[in-house]
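Rule-based calculations on the coordinates, nothing more; no lab input. Just so we're clear, the structure is a prediction, and the values are computed from it rather than from any experiment. For neighbour counting, all protein chains shown are included, and Cβ atoms are generated from backbone atoms with ideal geometry for every residue, glycine included.
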Amino acid sequence: MTAEWWALACAVTVAMFLGLVWRARQGRIRVRNTTADTDVERTVFDQLPQEINRTLRERVPAGSEGSQAVTLLQLSTTFCAPCRHTRILLAGLAERTEGIRHVEVDLTHHPDWSTPLGVHTTPTTLALDSTGRELFRFGGVPRRDKLTEVLRPYLG
């Protein structure tokens, strides 16, 4: 009986540890390493298949005059509960903040679109400048204060 209790205690401890690690990583903003980039940077549009490229260019006009400073491109799926929370947060931020646009793309029927962007979980949000270059990304529901802090330099 003692061995079973030890096994149960170990399993619960490992599960709690993994849950805490997963939770800590959710909403964490990963800023792009600009020192590792080459002189010729590829935009997000350059990395995508034609169909999503066309869809995104319609929703996010790259480099257009008077375009938004930052586009928050949210990649979601239909039955994702955190995606709904992220949508509410980002849409509200875009409404209240000049220079930010929120665009959501549903990957439910096009899971292959996530591969070129390196998206493995939903929601994942990419922050793009007006030319379509990735500034930073985050997975999960972001912390509002951290997101605002990271966006501040791009809004001038």
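Summarising the label geometry, the points placed 7 Å from Cα in the beta-carbon direction at residue 6 and residue 110 lie 5.5 nm from one another. May I ask you to evaluate 6.51 cos²θ - 1.76 cosθ + 1.60, the Karplus curve with θ = phi - 60°, for each residue of the range 135-152 and list the ³J(HN,Hα) values in order in whole Hz, giving x for glycine and proline? Computed from phi, the couplings for the range 135-152 are 8, 6, 8, 8, x, x, 7, x, 7, 4, 5, 5, 4, 4, 5, 6, 6, 3 Hz. What are the ³J(HN,Hα) couplings of the range 128-133, residue after residue, when phi is run through the Karplus curve with 6.51, -1.76, 1.60 and θ = phi - 60°? Round to Hz, x for glycine and proline. Result, ordered by residue: 10, 7, 5, 9, x, 7 Hz.
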